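What follows is one structure encoded as C-alpha cells, with my remarks underneath.
The values are calculated or read from the model by the stated rules, or taken from the named source; none is laboratory data. A quick note: this is a predicted structure, and the numbers were derived from the prediction, not measured. Backbone-built Cβ (ideal geometry, glycine too); neighbour counts: all protein chains shown.
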Amino acid sequence: MPLAAEQLIKDVKEMNVLNAAVVNVTDINFSDEVRKYCEKNSCGKCGTNWACPPGVGPVAELKRKAHEYEKGIILQTVHQIANSFDLKGMMAGGKVHEQVLRAVLPLLKEKYNFSKTLVLGAGPCTICEICSYEEGQPCRFPDKALSSLEAYGIDVVSSVKRCNIPYNNGPGTVSYIGLILFNRN
C-alpha cells in the first residue's frame, strides 16, 4: 500500500507543526561543511554529548545510517519571541519543538505502521542533565536520545527550500526543523 503523504502531513500539522513535507532520503543533502558549523560549538555541547560531535560519529557513517531508511518527514514548528535577542524565548521554543517531535513519533508508529524510525531534532540532546559521554560510559537512553540535523551533517537550508518550507518565518519568530526518517512494515 503506498504512503498517503497528504494525510500524513495533515495529521502532523494537527500536532502544532506549521509546515511539513515527505522526502526521499536520497534527496537529503549531507555536508561536512554543515557539520563544521555544529562543531563550532555555539551551544556548548560539542564533545560533551553522545548526540553531538564527535560522539555521534563521522558524517559519512551517519549518512550510511540515514540511508537505511526509505523516506522522511520534515517538520517545522514556529514560535513567537520578543525579539532577535530573546534567548529565553528561543530556548522555550526549542523545548516545545522537541516535545512535538516526540509526540509525532507514536502517531507514525501506530497509525502509519512505521517499523523503524530515526528522529533528528534541533540542538543538542537534553534527555540527561549530564550525558554519560562525559563519564566515558555508553548512552543511558539510546532509544530516546536526539541528535540534531546539523550533527548529522544535513543541510537544513537546502532541505527545507527543496520542500518549499520557509527557513525564516519573519520577525518576532524562531523556526525549528526536525526530521523523522522511517521505514514501513
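Going through ASN83, ASN164 one at a time, which residue ends up being surrounded by fewer than 20 Cβ atoms within 10 Å (Cβ to Cβ), of a type outside the set (Val, Ile, Thr), in contact with a helix residue (DSSP H, G or I) (Cβ under 9 Å, 6 or more places away or on another chain) and not in a helix (DSSP H, G or I)? Before you say what the answer is, go through the steps one by one.
Details: ASN164 fails: in contact with a helix residue (DSSP H, G or I) (Cβ under 9 Å, 6 or more places away or on another chain).
None of the other options fit; the residue is ASN83.
Tell me which residues, restricted to the stretch 131-161, are part of a loop (DSSP other than H, G, I, E, B), within 23 Å of MET90 (Cβ to Cβ) and more than 15 Å from the chain's Cα centre (by Cα).
CYS131
Looking at the stretch 172-185 only, could you name the residues that are loosely packed, with under 14 Cβ neighbours inside 10 Å and either assigned to a strand (DSSP E or B) or at pLDDT 95 or above (or both)? So that I can check it myself, show each step before the final result.
Our first condition is that a residue be loosely packed, with under 14 Cβ neighbours inside 10 Å; within the stretch 172-185, this holds for 172, 185.
Once the filter is applied, which keeps residues that are loosely packed, with under 14 Cβ neighbours inside 10 Å and either assigned to a strand (DSSP E or B) or at pLDDT 95 or above (or both), the stretch 172-185 yields only GLY172.
Going by what's in this entry, would LEU75 be described as over 16 Å from the mean Cα position of the chain (by Cα) and either more than 19 Å from ARG162 (Cβ to Cβ) or at pLDDT 95 or above (or both)?
no
In the stretch 127-155, what residues are surrounded by fewer than 21 Cβ atoms within 10 Å (Cβ to Cβ) and either in contact with a Lys or Arg (Cβ under 8 Å, 6 or more places away or on another chain) or more than 15 Å from VAL56 (Cα to Cα) (or both)?
Answer for the stretch 127-155, where residues must be surrounded by fewer than 21 Cβ atoms within 10 Å (Cβ to Cβ) and either in contact with a Lys or Arg (Cβ under 8 Å, 6 or more places away or on another chain) or more than 15 Å from VAL56 (Cα to Cα) (or both): ILE127, CYS128, GLU129, ILE130, SER132, GLU135, ASP155.
If only one of LEU120, LEU101 is touching a residue at least 24 places away in the same chain (Cβ under 8 Å), among the aliphatic types (A, V, I, L, M) and in contact with a Ser or Thr (Cβ under 7 Å, 6 or more places away or on another chain), which one is it?
The match here is LEU120.
Of the residues SER132, SER158, only one is among the hydroxyl-bearing types (Ser, Thr, Tyr), within 17 Å of PRO53 (Cα to Cα) and out of contact with any Gly (no Cβ under 9 Å at 6 or more places or on another chain); which?
Sole residue among the options that is among the hydroxyl-bearing types (Ser, Thr, Tyr), within 17 Å of PRO53 (Cα to Cα) and out of contact with any Gly (no Cβ under 9 Å at 6 or more places or on another chain): SER132.
Out of the residues in the stretch 110-126 that are within 17 Å of the chain's Cα centre (by Cα) and not in a strand (DSSP E or B), which is surrounded by the fewest Cβ atoms within 10 Å (Cβ to Cβ)?
Residue satisfying both the conditions and the ranking: THR126.
Name the one entry in GLU33, GLU98 that is among the acidic types (Asp, Glu), surrounded by 15 or more Cβ atoms within 10 Å (Cβ to Cβ) and assigned to a helix (DSSP H, G or I).
That would be GLU98, the only listed residue that is among the acidic types (Asp, Glu), surrounded by 15 or more Cβ atoms within 10 Å (Cβ to Cβ) and assigned to a helix (DSSP H, G or I).
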